[in-house]
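Computed from the coordinates by the stated procedures, all read-outs in this text should not be read as laboratory data. Everything numeric here is computed off the predicted structure, so don't read it as measured data. Counting neighbours? That spans all protein chains shown, and the Cβs are built from the backbone with ideal geometry, glycine included.
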Amino acid sequence: MVRSFAFAPRYADPRSAALPLLLGTRTHGPQLCLCASRPSYDALTTATANHPHCHPRRPPLLSALEPSRVAPLTIYAVGDVQGCYDSLQRLVERLAFDPTRDRFWFTGDLVNRGGQSLETLRYIKGLGEAAVAVLGNHDLHLVAESVKPLERRQKNADLRRVLEAPDGEELITWLRHRPLLHYDPDLRFVMVHAGLSPQWNLERARGEADRVERELRDKDFKNVLLRMYGDKPGGWSRRLKGLDRTRATINVFTRLRFCDTQGQLNFDAKGAPGTQPPGYYPWFEVPGHKARDFRVVTGHWSALGRFEGMGVYGTDTGCVWGGSLTALKLGAQPEFISVPSTRRDGEDSDSADEMGDRD
Ligand SMILES: [Mn+2]
């Protein structure tokens with residue numbers, strides 16, 4: 001198999017002094033895979049692995065040089081923004097984030113309660129391929145609000161600004177098409193909003209995410225959105241079918257903190273590890289969980305805060321509650337970078353909603 005682009009880790013510094021030299025030796029441009037829908041960097045990196053038929057082996061010297069030319073880029077995974085646009089801009093400045101050179105991953109919950117959900121969505125959508133965002137429970141809540149009849153919508157000022165904006169429908173459609181799970185095979189990093197079921201290996205997690213993402217993009221998506229709420233079934237099981245399985249999968253990806261050894265969620269415990277009732281564990285520490293030979297970056301759990309352990313990195317540092325906004329610089333040795341929130345705790349407290357306190 002031809003893996004010419006997998007030569008160097010993706011976190012290699014593209015701004016190396018050797019770059020001009022390498023560019024000087026290049027004889028032709030990158031061969032974009034005809035199978036790929038978008039000629040993006042991601043298409044390039046996966047194309048040679050997935051489509052050897054349209055990527056004939058090239059001379060060894062040239063193949064060896066190419067990774068340095070296309071290697072990105074610094075990737076920062078950013079915790080729950082929740083409509084804190086000013087804090088996000090503070091982080092952008094602190095990182096000197098440059099969308100031509102860097103990439104943002106967002107762990108979900110882009111919106112709700114921060115007061116600037118509209119600006120946040122416009123900015124992140126506008127980043128195009130420089131940003132990847134997975135769906136959080138608040139994002140799904142906004143999408144679900146958009147399909148309800150007007151009289152049944154909540155009086156949440158922050159979300160209402162999005163729903164009533166001239167580009168609101170476009171932003172919400174974009175949000176609905178975000179994935180539940182993002183996986184980078186070179187970094188071996190998975191990003192999800194909340195967590196993974198202890199019964200899932202990587203293949204299963206990706207399969208379950210894929211199935212629900214397709215349902216959310218299907219013509220019947222409104223039915224899924226209107227029926228996705230609920231704490232039953234309490235956990236994922238391979239025996240579940242239809243909407244029960246969809247609901248359980250969404251709950252794992254977007255609401256999980258603690259569960260038992262059977263993968264049954266505790267929806268009430270929202271504190272730090274150690275505060276949960278007997279028989280429950282932080283999802284990543286459940287005894288007997290499926291082996292994980294990859295790392296995971298998550299948000300959702302502000303009481304966990306900046307966390308590193310068991311190959312899991314927590315990045316929700318409660319920006320919307322007046323804490324901080326945190327980025328994790330991905331690489332062999334990930335590094336946390338935080339900026340203080342521009343908000344004071346308790347601001348916009350009228351925007352509490354059915355997602356529950358600090359959910
Ligand atoms: Mn959340």
- line: Fewest to most Cβ atoms within 10 Å: PHE106, PHE97 sort as PHE97, PHE106
field: segment 211-257-segment 76-149 distance, computed between alpha-carbon centres (Å)
entry: 23
task: Give the long-range amide H neighbours of VAL132: residues separated by 5 or more places, or on another chain, with amide H under 5 Å away, using H modelled in the peptide plane at 1.01 Å from N.
output: PHE104, TRP105, PHE106
- prompt: What size of dipole, in debye to the nearest 20, comes out for segment 75-351 about its Cα centre when the only charges are +1 on Lys and Arg C-beta atoms and -1 on Asp and Glu C-beta atoms?
  reply: 760
task: Would you mind checking which residues have amide H under 5 Å from CYS259's amide H? H placed 1.01 Å from N; only 5 or more apart, or other chain.
output: ASN266, TYR281, TRP283
- prompt: So for segment 152-239, taking the charge dipole from beta-carbon charges (+1 Lys/Arg, -1 Asp/Glu), which of GLY235, TYR183, ALA157 sits furthest toward the positive end?
  reply: GLY235
task: Enumerate the calculated ³J(HN,Hα) couplings along segment 100-117 in order (Karplus 6.51 cos²θ - 1.76 cosθ + 1.60, θ = phi - 60°), each rounded to whole Hz, writing x wherever the residue is Gly or Pro.
output: 7, 10, 10, 10, 9, 10, 10, 7, x, 6, 6, 10, 5, 6, x, x, 10, 5
field: Long-range amide H partners of GLY235 with built H, under 5 Å
entry: LEU265
- request: May I ask you to evaluate 6.51 cos²θ - 1.76 cosθ + 1.60, the Karplus curve with θ = phi - 60°, for each residue of segment 312-329 and list the ³J(HN,Hα) values in order in whole Hz, giving x for glycine and proline?
  value: 10, 10, x, 10, 7, 10, x, 4, 5, 9, x, x, 9, 10, 10, 10, 10, 7
message: Could you derive backbone 3J(HN,Hα) for segment 173-181 from the dihedral phi with the Karplus parameters 6.51, -1.76 and 1.60 (θ = phi - 60°), listing whole Hz in sequence and x where the residue is Gly or Pro?
response: 4, 4, 4, 4, 8, 6, x, 8, 9
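List the pairs from LYS125/LYS222; LYS148/LYS270; LYS125/LYS290 whose alpha-carbon separation is above 26 Å, in the order I gave them. List each step's numbers first, then the result.
On the way: LYS125/LYS222 22 Å; LYS148/LYS270 28 Å; LYS125/LYS290 34 Å.
Where the Cα-Cα span goes over 26 Å, the pairs concerned are LYS148/LYS270; LYS125/LYS290.
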- prompt: Of the listed peptides 212-221, 134-143, what is their order by residue-averaged count of other C-beta atoms within 10 Å, with the highest listed first?
  reply: 134-143, 212-221
